[in-house]
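To keep things clear, I will list the structure first and then write my remarks on it.
The values are calculated or read from the model by the stated rules, or taken from the named source; none is laboratory data. Please read these numbers as outputs of a predicted model, since none were measured by experiment. We place every Cβ from the backbone using ideal geometry, glycine too, and count neighbours over all the protein chains shown. Surface areas here come from the heavy atoms of the whole protein model, side chains and all, with no ligands, DNA or RNA. Shrake-Rupley method; radii C 1.70, N 1.55, O 1.52, S 1.80 Å.
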Amino acid sequence: MNNTLQKKHGFSYAKYGYLFSLPFFIAFLVFNLYPTLYTVVLGFTDSKGLGNITFHILKDDPWKNFRTVLKAPTFILSIKNTLMLWMMNFIPQITLALILTAWFTSRRNKVRGQGFFKVVFYMPNIITAASVAVLFNTLFGYPKGPVNDLLVSAGLRDGAFNFMNSPTATRWIIAFIQFWMWYGYTMIVLISGVLGINPEIYEAAEIDGANDRQIFFRITLPNLRTILTYTLVTSLIGGLSMYDIPKMLNAGNPNNSTLTATMFIYNQSFQNSYMYARGAAASMILFLIIAVLSAIVFYLMRDRK
Amino acid sequence: MSKLERRDGNPVVKFFIYFVCIILAVLSIFPFVVMFINSTRSTFEIQQHAVSLIPSSHLLDNWKVFTGKSFNPTTGFLNSLIVAVGATALTVYFSTLTAYALVAYSWKLRGAMFTFILCVMMIPSQVTAIGFYQFMYRIHLTNNLLALILPAIYAPSSVFFFRQFMLASLPLELLDSARIDGSREFHTFNHIAMPIMKPAMATQGIFTFVYTWNNLFMPSILLTRDEVKTMPVMVSMLKGDIYKREYGAIYLGLALTVLPLFVVYFALSKYIIAGVALGGVKG
């Protein structure tokens, strides 16, 4: 339609395509591409010190920062922590979201009040993560905090437990907060995916006498493949760049057991000696890890037919 | 009859489903209830019983303790508002414009541009933050809210969202007839395409606003002076030494940082849930 009109008038509108996407493209060059290349270059320099923007390329040993970072036990630990925290939250999150999706879309058991449940389950997602983390820090306070209060008065514990001093407890609290903030989102996305599946397939299955379990595993799940891939990849990228909650809950304590990769980058570059070069090298390594893991997910979830 | 029974489902299963859903609903709401109620209770009351469902009368006392320190909620609120409104306006307008370029015109690099947007959508801003910081430092934009507003012109996931919406709901014939009537291209976009895009712009606007309002990483790198700090950056002060054991004030401070979000959420939850279902939401 557009093309025919263009020919009729002997006039090309193509230039407007370029013109109207120009602001976006300029903003990309200035605020994204340039800083990205800048970060790459910084990884090969000696850049450090607050307010010091002069630096020299390490000509003799360009990979020095990368080696230092990869040999740093804290960095390796931070990568392990990040992956662990992501898995501890994502596996329960996707499981619960799938169960709720099966329930809310079941054609036999109509669940009432779905609108209300969706609104309430999604709510924690839009509340400032920084505030949520500080709130949980206070809720799990020691010796006097709401959770300890409830545990002791319910007779589940004799005395208060210092959650923020225990690596296992702190990790589970972080994983719980992430789970709690995101399962509602994942559920809504999955439900809208199910609603997009052709209802005739379900009708045919019902006529053939398939039960709810068979319908879920044989029809719903295979048809959700694309949406599950999308959910998995976005959650993985978000999880690997996790910062707000571990930082604000317990600042990576105790003993760096909840220090994540982005927190490591922040601590290297914006605290103490302001080691920009080292932080930049760590950023590039993290970027590579994210890219490789996303590629693996896309590969594993590809349509094999 | 048996058919009707099957439609209604097994009552035990149904009971279990409602039971789980109600537990989850309580879990979603309970921490915030504790927060709001404790912001009205004195620190002494909280130390006696940390959980209570009955509000007390110490809201004003807590307010005095809360504002008596270096925490200035009005400044944080205004800074967050400036950044969120500015970034939302830029993201919504320029993303719609870019999507319009991708949908309404056929140009040689159109496909390439779209593939490119799909690729860069995935890159988290954290991994390029150091270069961004040094660049902003060089051009003297650290401690300046513009450094958080201007980059919003570039929002690939919003462009993606608007493109999907436009393909479904912007009739190209309408643009052609506007041309025949002598409307210039930019005028057509502003006065014919934009009004059609209003629902999508509202949805994307809400998400951009919330995302920008909540953002912690970039602001905490760029903003070091107290008078430019946004709300999430200031939240860390609530955990620090200045409010040590002043629990009433801490709960009140937390409640204030999230109150605007509760208002926005409950006023617009219908659109927000519909927007999430449409996908393309994550910042």
Based solely on its DSSP helices, what 222 nm [θ] is calculated for chain B when runs of n ≥ 4 H residues each add -39,500 (n - 2.57) and the sum is averaged over all residues, nearest 500 deg cm²/dmol? -22500 deg cm²/dmol
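Per residue, what accessible area does segment A:66-300 have, given a 1.4 Å probe and all protein chains present, in Å²?
With the other protein chains kept in place, segment A:66-300 gives 41 Å² per residue.
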Counting only protein heavy atoms and leaving out ligands, DNA and RNA, the solvent-accessible surface of A:ASP61 at a 1.4 Å probe, in Å² to the nearest 10, equals 50
Row for segment A:1-127, column shape: gyration tensor on C-alpha, a ≥ b ≥ c, rounded if a/c < 1.5 i.e. under 1.5, prolate if a/b over b/c, else oblate; value oblate
Using the Cα atoms of chain A, I'd like the radius of gyration and the largest Cα-Cα distance, Dmax, both in angstrom. 25.0, 86
Per the Kirkwood definition applied to all pairs of different Cα atoms, how many angstroms is the hydrodynamic radius of chain B? 22.5
How many Cβ atoms of partner chains, on average, are near each residue of B:148-155 if near means within 10 Å of its Cβ? 4
Determine the order of A:ARG67, A:ARG171 by accessible area, beginning with the largest, at a probe radius of 1.4 Å. A:ARG67, A:ARG171
Evaluated at 20 °C and 1.002 mPa s, the Stokes-Einstein D of segment B:100-173 based on the Kirkwood radius over Cα pairs, in µm²/s, stands at 147
Interface buried area B-A, accessible surface with 1.4 Å probe, both sides summed, nearest 100 Å², comes to 9300
For residues of B:107-116, the mean tally of beta carbons on other chains within 10 Å: 3
At 1.4 Å probe size, with every protein chain present, just tell me what the per residue accessible area of chain B comes to in Å². 46
Report P(r) for segment B:1-157: all Cα-Cα distances, bin width 5 Å, range 0 to the bin holding the largest distance, values in whole percent. 1, 6, 8, 9, 9, 9, 9, 10, 11, 10, 8, 5, 3, 1, 0, 0
Let me cross-check A:MET123: its accessible surface, 1.4 Å probe, with only protein heavy atoms counted, in Å² to the nearest 10? 10
Fraction of accessible area attributable to carbon and sulfur, chain B (%, probe 1.4 Å): 68
Please calculate the 1.4 Å probe accessible area of A:ASP60, with all protein chains present, and give it to the nearest 10 Å². 150
For segment B:28-110, rounded, prolate or oblate, judged on the Cα gyration tensor with a ≥ b ≥ c (square roots of eigenvalues), a/c < 1.5 rounded, else prolate if a/b > b/c? prolate
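Give the ranking of A:TRP86, A:TRP63 by solvent-accessible surface, highest area first, calculated with a 1.4 Å probe.
Numbers: A:TRP86 30, A:TRP63 150 Å².
The most accessible residue leads, giving A:TRP63, A:TRP86.
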Taking square-rooted eigenvalues a ≥ b ≥ c of the alpha carbon gyration tensor, is segment B:73-239 rounded, prolate or oblate, where a/c under 1.5 means rounded and, failing that, a/b exceeding b/c means prolate? prolate
Distance from the Cα centre of segment B:213-283 to that of segment A:234-281, in angstrom? 19
Using the reciprocal of the averaged 1/r over all distinct C-alpha pairs, how large is the Kirkwood radius of the protein assembly as shown in Å? 26.1
Order A:LYS48, A:LYS247, B:LYS69, B:LYS244, most accessible first, counting only protein heavy atoms with a 1.4 angstrom probe. B:LYS244, A:LYS48, B:LYS69, A:LYS247
List the chymotrypsin sites (Phe, Trp or Tyr not before Pro) in segment A:90-129 that DSSP assigns to loop (not H, G, I, E or B) and whose Cβ has at most 12 other Cβ atoms within 10 Å. Which are they? none
